[in-house]
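The values are calculated or read from the model by the stated rules, or taken from the named source; none is laboratory data. Values in this document were obtained by computation on a predicted structure and should not be read as measured data. As a convention, Cβ positions derive from the backbone with ideal geometry for all residues, glycine included, and neighbour counts pool all protein chains shown.
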Amino acid sequence: MAVRRTVSKSQAVARVGAKTSLALKERVKELSCLYNINQIFETFSISPDEVFQRIVELIPPAWQYPDLASARIVLDGRQYETHDFKEGRQRQSADVILGGKSRGIVEVVYAEGKLPGDNGPFLKEEQSLLDAIARQIAFIVERQQAKEERAQLQKQLMHADRLATIGQLAAGVAHELNEPLSSILGFAQLAQRNPRLPEETVHDIQRIVTASLHAREVIKKLLLFARQTPTFKGHVNLNNIVSEALGLFEHRFENEGIEMTYTFCPRMPEMTADAGQLTQVMVNLIANAIQAMPEGGKLKVLTDVQDMYVVCVVEDTGVGMTEEVLDRLFVPFFTTKEVNQGTGLGLPVVHGIIKSHGGKIEVKSKPGKGTKFTIRLPIESDAIQESKEEL
């Protein structure tokens, strides 16, 4: 009898030991999985897609039946699966939560039939591990987003600094050229008054006058870009500005096969701005849109009020622009047009005018997909209130 009790006790101890050993083995696998994921995270020199693909391959070995398990990560509509992934009814999952919202899931699936286990093939600890993996994935996504936002901000700061430097240079050059150019133009116009000049000389002097006037316009645009030209601000309505600018191009729309649609905000408040300069902004943007659609297309213009800004959007279905062109879009004298087809000052002038009014200009474009300009100009809060009361 004593021998039987000793054997039973030994068997019980052996079972406890085996169970403890199995549990320890499972914990080691789980910790190894988290450690390896952390190593991938620390060496974040690879692309996010490669990071998530490596992570998903690390998951099945940490589960109770690694040879039968497969895993999948679904994130923002993209899927990362183990090479042998198969759908199955026995599955365990955890949500990837960012900003309080689910952006995807991470799941483990057994494609086989019934596996051992009173409560199914999954352990409670495995769910905790899956939750930890989902949190780590969310952290990786947040870090990547922060990295991209930081890079974009740095790019914007460099662009603004470059434009400011070019603006200072442009203003200095324009002021230096203004005086001698005025003298050239003045003396040429004075010489034209001489009635005894030969006809050929009269033509040559007219060429000097024409070239001088053109150069003076270039200088004016440089000064506008550099915000060195005084503005004459008054109360203006953006709807009226846009309507007048569109009216200048009615025949061109018809002749060049461009379908133009516009939507005006019915409660547009007045704002303090230079009507002439804003008209120049709209004329430049519309002219650029037309030139971007040599085979015809669609032009959409709309105005709106958003928060403390009046907004104007000019969108075309033209040839679009590459990232390289977008990066240099507001740099003076940069142009993609043929020689003698443009000075490369139209959009820099637009940029200068918008900035001088305290506004913002955004551009979105893709080759073959068209271009969208969005302008935001600040308005006074009382002007918004007055426009609401009029409705």
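Pairs are defined by a Cβ separation below 6 Å, a sequence spacing of at least 6 or placement on different chains, a first member in region 290-317 that is under 25 Å from residue 270 (Cβ atoms) and assigned by TED's automatic domain parsing to the domain that holds residue 378, and a second member that is in a strand (DSSP E or B) and of a type in the set (Ser, Thr, Tyr); the pairs so defined are 300/261; 301/262; 302/263; 312/303; 313/374. Residue-level analysis places residue 276 among those that are in the same structural domain as residue 357 (by TED's automatic domain parsing), out of contact with any Gly (no Cβ under 9 Å at 6 or more places or on another chain) and of a type outside the set (Asp, Glu). If you check 73, 97, 105 for being touching a Phe, Trp or Tyr at 6+ places or on another chain (Cβ under 6 Å), among the hydrophobic types (A, V, I, L, M, F, W, C) and modelled with pLDDT of 90 or more, only one passes: 73. Taken together, the criteria exclude residue 233 from residues that are among the charged types (D, E, K, R) and closer than 20 Å to residue 363 by Cβ.
Of the set (1) at pLDDT 85 or above; (2) touching a helix residue (DSSP H, G or I) at 6+ places or on another chain (Cβ under 9 Å); (3) surrounded by 16 or more Cβ atoms within 10 Å (Cβ to Cβ), all apply to residue 309 but (2).
Given the criteria assigned to a strand (DSSP E or B) and either surrounded by 12 or more Cβ atoms within 10 Å (Cβ to Cβ) or touching a residue at least 60 places away in the same chain (Cβ under 8 Å) (or both), does residue 65 qualify? Answer is no for this residue.
Looking across region 259-283, the residues that are crowded, with 20+ Cβ neighbours inside 10 Å and under 17 Å from residue 315 (Cβ atoms) come down to 281, 282.
Of the residues making up region 219-265, those that are aromatic (Phe, Trp, Tyr) and either modelled with pLDDT of 85 or more or under 30 Å from the mean Cα position of the chain (by Cα) (or both) are 225, 249, 253, 262, 264. Restricting attention to region 130-151, which residues are among the polar types (S, T, N, Q) and in contact (Cβ under 8 Å) with a residue 24 or more places away in the chain? Listed by number, the residues that qualify are 136, 144.
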